[in-house]
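The values are calculated or read from the model by the stated rules, or taken from the named source; none is laboratory data. All of these numbers come straight from a predicted model, not from anything done at the bench. Note that each Cβ is placed from the backbone with ideal geometry, even for glycine, and that neighbours are counted across all protein chains shown.
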Amino acid sequence: MVSRRVPAIPLCMILLAQLGFGFVVTTGRPLSRQLSLSQAGRPDVICLMVKDTVYGPLEEKFQRWKTDKEKLGASIVVKIISSESPSQIRSFLKNVTNLAGCLMVGDIPYVEFEWNYSDVYGKQFYDRFPSDLYFMDLSGDWVDSNGNGVYDKILGDLGPEIWVGRLKTSNLSGNEIDLLKHYFDKNHDYLTGALTMPPRALIYVDESTPEATDSATEYYTGELALKTRDALSKIYPEVVLVRSLEYTNASDYLNRLRESWSLVRLNVHSGGFGHYFIYDGKWDCSIHQHLSGSLGL
Ligand SMILES: [Ca+2]
Ligand SMILES: [Ca+2]
């Protein structure tokens, strides 16, 4: 179902801090912060949701991850998925008390959303894309008006109640299980302090349209970028803000990702299938699958 198209629609900039399909954007929060959140009495239940086909080969890794997270103050609920539908999965999540988030591992089913919209030039477009907001928004009412199996309307509160991360490696180059093993080994080293990241954050802001004269570009590269830098400066001693239109492009971003960061916040035109940078007034190459391949999941 994956189509690779450069969207002609610079309608919105999407703040990506979660998994996409076939690529991974990692964000990090200092472990001390994770701990303080749970100590503050906020919801700290995390669901580890695993596709049955990957559970067996990785059971030891999951148990270790659960122990690591519990030591940091979280309470873990493990849920193995076999043939449940997305709506059944959403119902399950709704019924977990004090749920803060869900880490989905393996080919957990997803839903798609479709809509018609106008870009900043007034041109009409139709788009259809996978959306994990479906699992994050546990209070909104998702509607498929024309019954074609694709959601097209959200009634009520569409904001997220929980976070959702997705580790999907079946469509990457390499063995699905081996890639996940590597990830969880690395994650264990991080959670136990063997792998440390320098206390620095990167904010990377690209323009919204090739012309770069629209209000969205002005806001994202201006006020929002500075507010984000100020906020992150309270947590990280070093915050690097890259927002110069002369520099921001796909290869520069990938090069910067290879440096060590505790947190990377990317603000770029994105969709369900990749990030689409703009450089020198033109659409630059996009980033999707080769991102995880080149960086090592
Ligand atoms: Ca529909
Ligand atoms: Ca909601």
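Here are the numbers:
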read-out	value
One residue from E114, E70 being without any contact (Cβ under 8 Å) to a residue 40 or more places away in the chain, among the charged types (D, E, K, R) and outside any strand (DSSP E or B)	E70
From L179, L191, L167, L93, residue being in contact with a Cys (Cβ under 9 Å, 6 or more places away or on another chain) and closer than 30 Å to S262 by Cα	L93
Selection within segment 132-151 - crowded, with 17+ Cβ neighbours inside 10 Å and either within 14 Å of ligand 1 (Cβ to nearest atom) or hydrophobic (A, V, I, L, M, F, W, C) (or both)	L133, Y134, F135, M136, L138, W142, Y151
Every pair of residues 6+ apart whose Cβ atoms lie under 9 Å, when the first sits in segment 145-174 and is in the same structural domain as D132 (by TED's automatic domain parsing) while the second is surrounded by fewer than 11 Cβ atoms within 10 Å (Cβ to Cβ) and among the small types (G, A, S)	Y151/S145; D152/S145; K153/S145
Conditions (1) more than 27 Å from V120 (Cβ to Cβ); (2) out of contact with any helix residue (DSSP H, G or I) (no Cβ under 6 Å at 6 or more places or on another chain); number of the one not met by V239	(2)
Of all residues making up segment 152-163, the number that are surrounded by fewer than 11 Cβ atoms within 10 Å (Cβ to Cβ) and more than 9 Å from ligand 2 (Cβ to nearest atom)	1
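Yes/no per residue for (1) without any contact (Cβ under 8 Å) to a residue 40 or more places away in the chain; (2) polar (S, T, N, Q); (3) surrounded by fewer than 16 Cβ atoms within 10 Å (Cβ to Cβ):
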residue: S208; (1), (2), (3): no, yes, no
residue: A216; (1), (2), (3): no, no, no
residue: Y220; (1), (2), (3): no, no, no
residue: R229; (1), (2), (3): yes, no, no
residue: K234; (1), (2), (3): yes, no, yes
residue: E246; (1), (2), (3): yes, no, yes
residue: N255; (1), (2), (3): yes, yes, yes
